[in-house]
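Here's the structure, in structure tokens; my notes come after.
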Amino acid sequence: MAHDDSTRRELLEALGALGLIALWSARPREAAAQTPAGGPAKVDTKGLTAKIKYEAPLAGYLSELNGKYKLRVTELVLEPGGYVGEHHHAGPGIRQVTSGYMTYVLPDKTHVYGPGDFFFESGDVTHTAQNKTEAPMVHVLFEILPVGVKGPSIMLPKGR
């Protein structure tokens, strides 16, 4: 039993380290935060900056995913008073707030996330994000995207 707990802890530490290594080792590339992945319509934003920190096609034992999807790590900064209007994402992922506070509005509830908080997004649920504070909010997106997605993963909700 103790061995299983130790193995789980080592695996979680390794996954966390992988994300940090990806952030620190990759050359940052600027992304136009207002340009959606799926077409010419734009999501309404204010005070949003996005930097793609790491991107790589998936490869491994889940062969049905290999070459079709990629892991992307993006750092987002939302300035005081900034917001991201209603949107979806091209794929699912985990988000972690590294500094500041984000008001995250879903159709049925609102959360305020702060430093160290993380959450999962499926990509297909309409939501908005706001920075209602006097300090920038920074969070990191770890996303699984179709390999062909270029630029931001943000898009207007389907049917809009």
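Quick notes on this one:
- At R0 = 25 Å, FRET efficiency that the Cβ-Cβ distance of Thr110 and Lys68 yields, to 0.05: 0.10
- 21 Å tail of the calculated P(r), the stretch 86-160, as % of Cα pairs: 26 percent
- Ordered by solvent-accessible area of protein heavy atoms (1.4 Å probe), largest first, the residues Tyr113, Tyr61, Tyr54 come out as Tyr61, Tyr54, Tyr113.
- Among the listed pairs Lys53/Lys109; Lys42/Lys68; Lys109/Lys132, those with a Cα-Cα distance over 22 Å are Lys53/Lys109; Lys42/Lys68.
The values are calculated or read from the model by the stated rules, or taken from the named source; none is laboratory data. Predicted model, so just to flag it, every value in this text is computed and none were measured. Please note: Cβ atoms are built from the backbone with ideal geometry, for glycine as well, and neighbour counts cover all protein chains shown. The area values use the complete protein model at the heavy-atom level, side chains included, leaving out ligands, DNA and RNA. Shrake-Rupley method; radii C 1.70, N 1.55, O 1.52, S 1.80 Å.
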